[in-house]
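Everything below concerns the one structure shown next.
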2 protein chains.
Amino acid sequence: MAQVPISHRPNLLDQLSPREREILPLVAQGKDNREIGSILFISEKTAKNYVTSIRKKLGLKNRTQIALFALKEGIISLEETNE
Amino acid sequence: MAQVPISHRPNLLDQLSPREREILPLVAQGKDNREIGSILFISEKTAKNYVTSIRKKLGLKNRTQIALFALKEGIISLEETNE
DNA sequence: CCTGTCGTGTCATATCATGTACCAGAAGAA
DNA sequence: TTCTTCTGGTACATGATATGACACGACAGG
């Protein structure tokens, strides 16, 4: 238990906007900004901004940690990752 | 089943050198090259090279996918990641 | 004993992707 | 109006990727 209990965290996910919640699982599946952009029909730049915003809100260092976070939270499962 | 059965994969992990097998879990835990270098007392450049080699041997696109792979293979568990 | 050759470990350079720090306009809701 | 969200942008710093290079030990053949 090297981690803050969920009950003590004021819902990190609720701090994310709806669009950010769309971006999150894509990052967690190992997709890069260009892929995310083409999936959601936005520019790579915008995708980048969302990832940065997500990372800051969740207090994470990089997108690999975003993936680990998403798995811990059950936002994605290992089965729904590409490979 | 969008994936090659394990029995048909000739042990991807066996293709990794001993040193690469040390790097793999660190990457999978979301550590960056600088951290990996300081943990293993090698330069950031060398750590970088190992990650590239691992990624190519495993046929993955980036280090987030390395993390997902390591989790699927049970090389690391979500509990042993930092945050 | 020599001499390749191979795997491994190490580090470097160059280029591309990602991250950081902003700014700003459009649209809709409060 | 004011606020949030979504969208795209610039500029720069850092991280990641592609590739090359060298040293070393192991090992086989000569």
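The values are calculated or read from the model by the stated rules, or taken from the named source; none is laboratory data. Just so it is clear, the model here is predicted, and its values are computed rather than measured. Glycine gets a Cβ as well: all are built from the backbone with ideal geometry, and neighbour counts include every protein chain shown. Accessible surface is based on the protein model in full, side chains and every heavy atom, while ligands, DNA and RNA are left aside. Shrake-Rupley method; radii C 1.70, N 1.55, O 1.52, S 1.80 Å.
Evaluation of B:Gln15 against the conditions (1) open to solvent by less than 60 Å² (accessible area, probe 1.4 Å); (2) touching a helix residue (DSSP H, G or I) at 6+ places or on another chain (Cβ under 8 Å); (3) polar (S, T, N, Q) shows that the sole unmet condition is (1).
Residue-by-condition table, conditions (1) within 11 Å of DNA strand D (Cβ to nearest atom); (2) open to solvent by 60 Å² or more (accessible area, probe 1.4 Å); (3) over 24 Å from B:Val51 (Cα atoms):
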residue: A:Gln29; (1), (2), (3): no, no, no
residue: A:Thr52; (1), (2), (3): yes, no, no
residue: A:Leu58; (1), (2), (3): no, no, yes
residue: A:Asn62; (1), (2), (3): yes, no, no
residue: A:Ala70; (1), (2), (3): no, no, no
residue: A:Leu78; (1), (2), (3): no, no, no
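Being closer than 18 Å to A:Gly30 by Cβ, at pLDDT 95 or above and buried (at least 17 other Cβ atoms within 10 Å of the Cβ) is a property that B:Leu24 has. Count of the stretch A:32-50 residues, restricted to those that are surrounded by fewer than 19 Cβ atoms within 10 Å (Cβ to Cβ) and more than 9 Å from chain B (Cβ to nearest Cβ), is 13. Counted as qualifying within the stretch B:28-83 are the helices (runs of 4 or more DSSP H) with 1 or more residues that are in contact (Cβ under 8 Å) with a residue 40 or more places away in the chain and closer than 18 Å to A:Asp32 by Cβ, namely B:44-58, B:63-73.
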